[in-house]
1. In nm, give the distance between the simple-model label positions of Arg242 and Glu256, each being 7 Å from the Cα along the Cα-to-Cβ direction.
2. List, in the order given, every pair from Lys43/Lys342; Lys294/Lys363; Lys105/Lys342; Lys105/Lys363; Lys132/Lys342; Lys132/Lys207 whose Cα-Cα distance in the structure shown is over 21 Å.
3. Hey, what D do you get for the range 171-318 in µm²/s if you plug the Kirkwood alpha-carbon radius into Stokes-Einstein at 10 °C and 1.306 mPa s?
4. Taking the chain as a Gaussian network, Cα atoms linked when under 10 Å apart, which of Gly112, Gly19, Gly203 shows the biggest mean-square fluctuation?
5. Name the most mobile residue of Ala282, Ala28, Ala227, meaning the one with the largest mean-square fluctuation, in a Gaussian network model of the chain with Cα contacts below 10 Å.
6. Could you compute the net charge surrounding Gly166? Neighbours are other residues with a C-beta less than 15 Å from the C-beta of Gly166; K and R count +1, D and E count -1.
7. Name the most mobile residue of Ser318, Ser181, Ser280, meaning the one with the largest mean-square fluctuation, in a Gaussian network model of the chain with Cα contacts below 10 Å.
8. Which translational diffusion coefficient, to the nearest whole µm²/s, is obtained for the range 68-207 from the Stokes-Einstein equation, given a Kirkwood hydrodynamic radius over C-alpha pairs, 4 °C and 1.567 mPa s?
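No value in this document is a laboratory result; all are computed from the given coordinates. As the structure is a computational prediction, the values presented were derived from the model and not from experiment. As a convention, Cβ positions derive from the backbone with ideal geometry for all residues, glycine included, and neighbour counts pool all protein chains shown.
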Amino acid sequence: MNDLPSVRAQANRAFDFAGVQVRRLIEAHPDYFPMYTLGGRWKHGGEAWTNWCEGFLGGQMWLLYRHTRDPYWRERAEHYSRLVEHRKTDRNVHDLGFLFWSTWKRWFDLEGDPAVNAVVVEAGRTLSLRFKENGQYLRSFVGDDSLFIDIMMNVGIIFYAAQQTGDPELLRRATRHSLTSRRYLVRGDGSTSHEGLFDLTTGEFLKQTTHQGWRDDSSWARGLTWALYGFGTVYSFTHDERFVQTAEACADFYIERTPAHGVPPNDWEESNPRLPYESSAAAIAASGLFNLAKLTHNPAKAMAYRAYAERILMTLCSSEFLAIDTPGWEGVLKHGMYHQRKGLGVDESVMWGEYFFMEALSKALGEE
Ligand code: GLY
């Protein structure tokens with residue numbers, strides 16, 4: 001177990017720094033939704049590939065408001081949440097959990113307004129429309145035949161909509177998607193594949209592939225952390241033991257294969273990786289491990305998961321990762337990776353890394 005006062009002190013320092021960086025960003029570039037930095041700067045014309053990150057900035061503001069109770073953050077958080085409201089009917093992406101769980105769901109959790117909750121539920125309903133009966137999965141943004149591991153981090157909003165409305169069809173689609181992902185994207189050793197492809201006529205599973213990993217049969221780190229966190233969330237809705245077992249298998253793979261500091265490379269299978277770190281995967285893992293520590297039935301694992309999450313945070317709070325000692329760097333967390341093959345956001349700050357780092361810091365501070 002790490003020294004708790006030290007974890008708290010580091011977490012508070014990092015959280016305060018995040019508040020400074022987010023404020024600088026939104027005052028320099030109002031109503032702008034960056035995805036990744038270029039040379040440490042948020043504003044540039046780099047390609048997005050897909051639009052999935054617009055909730056993370058508002059999400060950081062809700063976290064800052066909860067931490068500080070400063071009315072500035074309350075006002076900005078609502079403003080940036082309202083800027084994404086129209087996405088509740090967006091049929092083009094599989095990312096409505098990312099967009100609405102971080103913003104409107106946080107808003108609802110803090111204030112309980114039913115009109116705010118209705119937006120979260122509508123986003124969940126929209127996401128459920130991606131369900132393919134042939135194959136039994138929610139299709140990814142790249143095509144009808146494609147299932148992404150990332151969607152495990154979004155399917156929670158459909159379970160939530162099912163719980164709120166009592167609609168059994170929403171529950172069926174979310175459960176079937178989770179079981180299909182478990183069966184075809186999670187391997188026996190707890191590693192995960194980024195993508196599965198299906199025959200559209202028969203629904204038959206064809207093969208595992210990747211976009212952001214090293215090879216089709218390798219283990220893209222961030223994808224595994226989406227699974228670690230996402231299967232835990234699905235367990236919290238369903239209490240189906242298969243899902244907590246899967247989350248634990250992913251967590252155990254992460255811990256076994258990652259260096260002692262807790263930050264993996266972009267893909268564990270890449271021999272001599274060009275870059276040693278994918279810090280956003282570490283931030284997601286830390287946050288997911290804090291959750292899993294509360295979900296597992298094994299007390300020894302619960303302690304180990306929490307201790308490992310704190311270890312990751314201590315590493316991310318060091319000046320190698322926290323940009324606090326890097327003059328001119330506009331992000332919070334350095335050494336993130338978006339899409340190595342496309343050359344997007346390579347060794348940069350990335351918006352989801354910032355958000356999940358702050359979420360994990362909140363959990364270390366007992367705020368969530
Ligand atoms: N599109 C989700 C990710 O890059 O992890």
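1. 2.2
2. Where the Cα-Cα span goes over 21 Å, the pairs concerned are Lys105/Lys342; Lys132/Lys342.
3. 102
4. Gly112
5. Maximum among the listed residues: Ala28.
6. With Lys, Arg at +1 and Asp, Glu at -1, the net is +1.
7. With Cα springs under 10 Å in the chain, the top fluctuation among Ser318, Ser181, Ser280 is at Ser318.
8. For the chosen part, D equals 82 µm²/s.
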